[in-house]
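Accompanying notes for the structure given below.
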Amino acid sequence: MAEPSTATQSPSVSSSSFGADPSAPSGGSPGSCPALGAKSCGSSCAVHDLIFWRDVKKTGFVFGTTLILLLSLAAFSVISVISYLILALLSVTIGFRVYKSVIQAVQKSEEGHPFKAYLDVDITLSSEAFHNYVNAAMVHINRALKLIIRLFLVEDLVDSLKLAVFMWLMTYVGAVFNGITLLILAELLVFSVPIVYEKYKTQIDHYVGIARDQTKSIVEKIQAKLPGIAKKKAE
């Protein structure tokens, strides 16, 4: 009698999990995966779950591997790191290939190449897929070019001044940190800030709202005093 009760309960679980209206706004905690299209949900939700430590083992592996790689690049040259990685990979694959060959010779078995399943995988990139990737990249490239032209030709004086101030601050950052150090700090922030924000969302949103209001007030005062900006906003 236990089996029928389990069978009757299963549809209710699936309906509660997947029966929600997809058009409904995705509120809730920042840790919940956002409602995306079927095409982009796979990769986006995978990254989302990764940085929110949904699977501790998977996130720990990715975080540890990338951190070790960045630390290696900070201590050694790029050529040395790549060479050591290739040598380590070749050592594993060659050792496993020789081991399986010896086992097959001793047992007189005909299992074949140990990596045959991977060698038969079709990894060719079709022209259609290549064009799709190029078209997706061109959208971002054109958007970036348009933004660069707008900022450097001073379409909006305030935005160009923001860029100037940011670049001036970056000169001090560059005097203290190099590129690899910044990448290490960025990785630490990516894997720590989201989970901290998820835990202390209410307090962080409160102080961020105060800072945003203060910044907006300062920007409005600057725009009011700059010549031509107030007139442009009025139009």
> N132 fails exactly one of the following numbered conditions: (1) part of a helix (DSSP H, G or I); (2) farther than 25 Å from V47 by Cβ. What is the number of that condition?
Replying inline: (2)
> For the range 153-207, how many residues are of a type in the set (S, T, N, Q), in a loop (DSSP other than H, G, I, E, B) and either open to solvent by 70 Å² or more (accessible area, probe 1.4 Å) or in contact (Cβ under 8 Å) with a residue 12 or more places away in the chain (or both)?
Replying inline: 1
> Looking at the range 163-181, which of its residues are under 26 Å from the mean Cα position of the chain (by Cα) and within 18 Å of K216 (Cβ to Cβ)?
Replying inline: F166
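The values are calculated or read from the model by the stated rules, or taken from the named source; none is laboratory data. Because the structure is predicted, anything quoted here is derived from the model rather than measured. Please note: Cβ atoms are built from the backbone with ideal geometry, for glycine as well, and neighbour counts cover all protein chains shown. These accessible areas exclude ligands, DNA and RNA; they are computed on the full protein's heavy atoms, side chains included. Shrake-Rupley method; radii C 1.70, N 1.55, O 1.52, S 1.80 Å.
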